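Input: a single structure, listed below in structure tokens.
The values are calculated or read from the model by the stated rules, or taken from the named source; none is laboratory data. Everything numeric here is computed off the predicted structure, so don't read it as measured data. All Cβ positions, glycine included, derive from the backbone under ideal geometry; neighbour counts span all protein chains shown. Note: accessible area is taken over every heavy atom of the protein model, side chains too, but ligands, DNA and RNA are not part of it. Shrake-Rupley method; radii C 1.70, N 1.55, O 1.52, S 1.80 Å.
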Amino acid sequence: VQLQASGGGLVQAGGSLRLSCTASRRISSYNAMDWYRQAPGKQRELVASIISDSSTNYADSVKGRFTISRDNVRNMLSLQMNSLKPEDTAVYYCRASIFGIVYWGQGTLVTVSS
């Protein structure tokens, strides 16, 4: 299973970015898909999750600003990030899990300037 994240970049505070994660396997087959992030010097943290019934969960720090979605036709996981803050600066990773096995994609860097 391969996951490929893209869409990171440099954006000013208050701006928006949309991250995408494509998978080599049908994403509808995964039990859950997530976005994590890791800021410099910090531990990796869960940002948002979407499970097989399409219910979603968000970290408190991104609620109301980020939206996770899954497009089964395009076989893509997305993270729409609005009202970005400098503290959102991190490497963002997509993750997928199925039957207790976890797969990670490579990260995509998001830098938010003040």
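If you put +1 on each Lys and Arg Cβ and -1 on each Asp and Glu Cβ, how big is the dipole of the range 18-87 around its Cα centre, in Debye rounded to 20? That gives the range 18-87 a dipole magnitude of about 200 debye. Annotation for the range 68-114: chymotrypsin sites (Phe, Trp or Tyr not before Pro) lying in DSSP loop with at most 10 further Cβ atoms inside 10 Å of their Cβ are PHE99. Taking label positions 7 Å along the Cα-Cβ direction at both SER24 and VAL73, the computed distance is 2.7 nm, reported to one decimal.
For the chain, the relative contact order is 37 percent, taking Cα pairs closer than 8 Å that sit 6 or more residues apart in sequence and dividing their mean separation by the residue count. Set the Cα radius of gyration of the chain against 2.2 N^0.38 Å, with N its number of residues, and you get 0.99. Ordering PRO40, SER20, SER61 by the projection of their Cα atoms onto the charge dipole of the range 1-103, which places +1 on the Cβ of Lys and Arg and -1 on the Cβ of Asp and Glu, puts SER20 at the extreme positive end. Surface listing: VAL112, VAL91, VAL1 arranged by accessible area from highest to lowest gives VAL1, VAL91, VAL112, probe 1.4 Å.
Using a simple spin-label model with pseudo-atoms 7 Å out from Cα toward Cβ, GLN80 and VAL102 lie 2.8 nm apart. Computed from the C-beta positions of ASN31 and SER114, the FRET efficiency with R₀ = 35 Å rounds to 0.40.
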